[in-house]
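The values are calculated or read from the model by the stated rules, or taken from the named source; none is laboratory data. As the structure is a prediction and not an experimental result, all values here were calculated from the model. Virtual Cβ from ideal backbone geometry, glycine too; neighbours counted across all protein chains shown. Accessible surface areas use protein heavy atoms only, side chains included; no ligands, DNA or RNA. Shrake-Rupley method; radii C 1.70, N 1.55, O 1.52, S 1.80 Å.
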Amino acid sequence: MVVPSFNSIEPQDLDEIYAIEIECFGNESFSLLEYRRLLSNNSSIPIKAIVKNRIVGFVIGVYQMSSRSCTVVTINVKPKFRKKGVGFELMRSLEKGLEMLNCKEVVLQTRVNNTAALNLFDKLGFSKTSRLVNYYPSGTDGFEMKKMMVS
Ligand SMILES: CC(C)(COP(=O)(O)OP(=O)(O)OC[C@H]1O[C@@H](n2cnc3c(N)ncnc32)[C@H](O)[C@@H]1OP(=O)(O)O)[C@@H](O)C(=O)NCCC(=O)NCCS
């Protein structure tokens with residue numbers, strides 16, 4: 001277990017964040033433009049995990065105040081820092097922020113073959129709500145998962 005600190009992602013973090021996205025998803029990554037838009041969206045909740053001054057992972061949620069619903073758009077942990085609790089703590093940090101916003105539910109999508117992500121979200125209390133056929137550019141199916149927040 002490493003002990004990162006958690007802070008909001010700043011505009012100047014974009015290059016470091018995007019390098020991690022490429023490291024995690026290669027040619028299935030979101031584009032740099034999509035990241036720019038995400039980080040400048042007022043509804044985004046972007047959180048980074050820092051170890052020794054370097055970003056080792058991040059999560060970005062988008063909160064819709066009208067529906068009190070948050071979509072987790074992306075969560076990535078650098079390969080060297082995986083399986084040490086960073087992803088779990090990033091999600092807990094997001095959820096703590098969402099509790100203060102009186103969020104009702106958190107939704108996300110993940111590939112059906114992404115065992116690490118499926119186990120992570122299962123451990124956090126998410127349930128599969130539907131299968132999304134051909135959801136990803138590669139043709140892979142996805143699962144939509146949801147967690148109801150206690151309010
Ligand atoms: C999914 C991901 C964010 C998990 O981050 P992480 O920091 O390694 O996760 P944690 O160490 O906090 O693990 C929490 C739980 O997730 C599950 N998990 C994590 N990695 C796993 C693996 N390789 N295999 C199986 N389960 C795994 C376990 O249930 C684990 O709990 P445990 O330690 O009690 O067994 C990370 O693997 C990653 O960045 N993957 C590439 C990007 C990605 O797929 N993002 C998700 C898109 S929806």
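Values as computed for the structure displayed
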| item | result |
| --- | --- |
| Residue list for the stretch 87-109, filter: within 18 Å of Y63 (Cα to Cα), out of contact with any strand residue (DSSP E or B) (no Cβ under 6 Å at 6 or more places or on another chain) and open to solvent by less than 60 Å² (accessible area, probe 1.4 Å) | M91, E95 |
| Count of residues meeting criterion [aliphatic (A, V, I, L, M) and more than 7 Å from the ligand (Cβ to nearest atom)] in the stretch 108-127 | 3 |
| Counted residues, the stretch 4-31 - those being closer than 15 Å to F81 by Cα, open to solvent by 40 Å² or more (accessible area, probe 1.4 Å) and in contact with a Pro (Cβ under 9 Å, 6 or more places away or on another chain) | 1 |
| I22 being within 27 Å of N113 (Cα to Cα), in contact with a Gly (Cβ under 7 Å, 6 or more places away or on another chain) and not hydroxyl-bearing (S, T, Y) | no |
| Number of positions in the stretch 26-58 that are closer than 25 Å to T140 by Cβ and either more than 15 Å from the chain's Cα centre (by Cα) or touching a residue at least 40 places away in the same chain (Cβ under 8 Å) (or both) | 10 |
| In the stretch 117-133, the residues that are touching a strand residue (DSSP E or B) at 6+ places or on another chain (Cβ under 9 Å) and either open to solvent by less than 70 Å² (accessible area, probe 1.4 Å) or not in a strand (DSSP E or B) (or both) | A117, L118, L120, F121, D122, L124, G125, F126, S127, S130, L132, V133 |
| Residues that are assigned to a strand (DSSP E or B) and under 26 Å from K83 (Cβ atoms), drawn from the stretch 134-151 | G142, F143, E144, M145, K146, K147 |
| Answer from P46, P11 - the residue that is in contact with a helix residue (DSSP H, G or I) (Cβ under 8 Å, 6 or more places away or on another chain), modelled with pLDDT under 95 and not aromatic (F, W, Y) | P11 |
